[in-house]
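Asker: Sharing a structure with you now.
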Amino acid sequence: MQSGHIFACVISGRPLTTAFKQKSNNRFVLDVPRPSTVSEFSISMLKPLPKSCGATIYFCLPPYKDWQYLGAITVDHPSQIYNAPWRGTIPDSTEGVQIGISIEKAEFIKNLQPRSQLEEKKKLISSVQGIAKDLYNYLQSFAKTTRMGEMLVLPPKVRIDKIKLSHFQKSPG
């Protein structure tokens with residue numbers, strides 16, 4: 001499409017990179033080593049694309065077959081910060097992930113739906129609510145009615161600071 005570097009990627013704690021490999025006229029791929037250390041990254045457009053086009057951003061885990069759409073950048077919005085969607089879902093030993101960019105028509109981009117950060121936030125809230133519910137139920141098992149009313153009565157060998165996290169690691173719901 002154009003010569004020279006069109007895109008840049010910034011990952012916190014690493015130098016800016018423009019090492020996207022051009023795979024076809026409109027597709028570019030960046031190899032990201034040590035992905036378990038990446039919490040977020042930014043993609044920027046270094047050279048403007050035609051107004052009728054934009055760049056769609058994807059990521060792919062090994063074995064690099066299933067690309068997942070993250071979002072897009074355009075001339076009007078030439079950079080974007082993304083949370084690393086693989087964070088916490090891959091082993092620390094994963095050697096790399098790939099970030100892909102595809103230059104597409106604006107009409108095509110309008111029809112794409114990224115995995116919403118709102119959905120991710122809802123999942124996190126649901127998990128926290130599940131943990132809180134489990135903690136409440138666990139502590140309720142120590143509730144006793146005394147002459148002073150209902151109280152938590154802990155056996156002498158139970159220490160709150162020693163409660164095993166495994167009590168709360170099951171899925172909510």
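Asker: Roughly to the nearest percent, how much of the accessible area of the stretch 36-113 is carbon and sulfur, given a 1.4 Å probe?
Answerer: Numbers: 2200 of 4270 Å².
Of the solvent-accessible surface of the stretch 36-113, carbon and sulfur hold 52 percent.
Asker: Could I ask something else about it? As a quick test, which of the pairs LYS23/LYS47; LYS51/LYS123; LYS21/LYS110; LYS47/LYS110 have an alpha carbon distance above 30 angstrom in this structure?
Answerer: Values: LYS23/LYS47 18 Å; LYS51/LYS123 36 Å; LYS21/LYS110 26 Å; LYS47/LYS110 21 Å.
Listed pairs above 30 Å: LYS51/LYS123.
Asker: Could you check the simple spin-label distance between LYS51 and GLU95, using points 7 Å along Cα→Cβ, in nm with one decimal?
Answerer: 4.6
Asker: Place a point 7 Å from the Cα of LYS110 along the Cα-to-Cβ direction; which residues of the stretch 21-56 have their backbone N under 18 Å from it?
Answerer: In the stretch 21-56, the label zone of LYS110 (backbone N under 18 Å from the point 7 Å along Cα→Cβ) covers 50-56.
Asker: Now, a different point. Heavy atoms only, probe 1.4 angstrom, no DNA, RNA or ligands counted: give me GLU40, GLU95, GLU150 ranked by accessible area, highest first.
Answerer: Working: GLU40 85, GLU95 160, GLU150 135 Å².
The most accessible residue leads, giving GLU95, GLU150, GLU40.
Asker: Here is a follow-up. So with the 1.4 Å probe, I'd like the accessible area per residue for the stretch 1-151, rounded to whole Å².
Answerer: Using a 1.4 Å probe on heavy atoms only, each residue of the stretch 1-151 averages 64 Å².
Asker: Moving on to the next point. At 7 Å along Cα-to-Cβ for each site, give me the label-to-label distance between HIS5 and SER126 in nm.
Answerer: Between HIS5 and SER126, the label points sit 4.1 nm apart.
The values are calculated or read from the model by the stated rules, or taken from the named source; none is laboratory data. What you see is a predicted model, and the numbers here were worked out from it, not measured in a lab. Note that each Cβ is placed from the backbone with ideal geometry, even for glycine, and that neighbours are counted across all protein chains shown. Please note that ligands, DNA and RNA were not included when accessible areas were found on the heavy atoms of the full protein model with its side chains. Shrake-Rupley method; radii C 1.70, N 1.55, O 1.52, S 1.80 Å.
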